[in-house]
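The values are calculated or read from the model by the stated rules, or taken from the named source; none is laboratory data. As the structure is a computational prediction, the values presented were derived from the model and not from experiment. Here the Cβ is made from the backbone with ideal geometry for all residues, glycine too, and neighbour counts use every protein chain on show.
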Amino acid sequence: MNNMKALVLAAGKGTRLQTEGIDLPKVMRLADGKPLLHYVVESLSFLPPEDIILVVGWKKEAVLSAFPQYPHAVQEQLNGTGGAVQYAAPLLEGYEGHLIVCCGDTPLMSRATFQALAKTHLEEGNSCTMLSARLPEGGSYGRVLREADGSFQRIVEARDCTPEQAAVTEVNTGTYIFHVPALLSVLNELNQDNAQGELYLTDVPALLKARGLRVGLCDTCSPDEMLGVNTVEQLQQVEDLLRREASHG
């Protein structure tokens, strides 16, 4: 796929996974015998390795020794998803193409879903296209709010939702595609004025929309695919699903 790169966010510590004396970065935790990050880069392998950038941070040596073929940026301060992209920005300067941004701890995300997102983005001529999913209930995920005409309005984090917004079942999966010049033009406008005091990548689509740029949605992600691993229970859940997939494969 020409004119497309990917940025995989892989800097996190995974504090809630540090329960069994395992001292690994989150994306290096094993599910069905392979690191979580393995499954993500495998699904992105329609891109060449030199176009898949890893953002590493905590215990970065463990990630880089296992995945030496990928370029990387170091997130010196774990200041949120927006911060991660800011640290990677120097590797994107002057690049006129498009960038998939995804999480290194979502091992069930499929190649077909990444490609459907890319297709929607390019066909609609968007500056940003967000991958969303529709769940029976929104839970702890950020809600996708749409305008009356169905177009993107903004994302509201679960903890900031009004009761009416909390009833929305279309959620943000944390996976996006950006036109890189548009992304870089607003990246420095992010601020830490939120409950977590972090720089949220989720604020970027609204900043682009405010500039009159096109922000689209692709709601093809299944509830299973978007599962991220933050706890030992989630790791077990993901491993069960990977094994089931492998046995049907």
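When the residues of the range 1-44 are narrowed to those that are of a type in the set (Ser, Thr, Tyr) and farther than 21 Å from residue 243 by Cβ, which ends up modelled with the highest pLDDT? Steps first, answer last, please.
First, the residues of the range 1-44 that are of a type in the set (Ser, Thr, Tyr): 15, 19, 39, 43.
Checking the rest, the ones that are also farther than 21 Å from residue 243 by Cβ come to 15, 19.
Working: 15: 71, 19: 63.
By that ranking, first place goes to 15.
Starting from residues that are hydrophobic (A, V, I, L, M, F, W, C) and closer than 17 Å to residue 158 by Cα, keep the ones in the range 186-201 and report whichever is surrounded by the fewest Cβ atoms within 10 Å (Cβ to Cβ). Explain how you work it out, then say what you get.
First, pick out the residues of the range 186-201 that are hydrophobic (A, V, I, L, M, F, W, C): 186-187, 190, 195, 199, 201.
Cutting the leftovers down to closer than 17 Å to residue 158 by Cα gives us 195, 199, 201.
Numbers: 195: 9, 199: 21, 201: 24.
Among those residues, the one meeting the criterion is 195.
Could you pull out the residue among 224, 193, 219 that is charged (D, E, K, R), out of contact with any helix residue (DSSP H, G or I) (no Cβ under 7 Å at 6 or more places or on another chain) and within 19 Å of residue 109 (Cα to Cα)? Explain how you work it out, then say what you get.
Working: 224 fails: out of contact with any helix residue (DSSP H, G or I) (no Cβ under 7 Å at 6 or more places or on another chain); 193 fails: within 19 Å of residue 109 (Cα to Cα).
Of 224, 193, 219, the one residue that is charged (D, E, K, R), out of contact with any helix residue (DSSP H, G or I) (no Cβ under 7 Å at 6 or more places or on another chain) and within 19 Å of residue 109 (Cα to Cα) is 219.
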Exercise. Among the residues of the range 206-249 satisfying the criterion of being of a type in the set (Val, Ile, Thr) and part of a helix (DSSP H, G or I), which is surrounded by the fewest Cβ atoms within 10 Å (Cβ to Cβ)?
Worked result: 232
For this session: Select from the range 69-83 the residues that are polar (S, T, N, Q) and touching a helix residue (DSSP H, G or I) at 6+ places or on another chain (Cβ under 7 Å) and write down the one among them that is farthest from residue 189 (Cα to Cα).
Result: 69
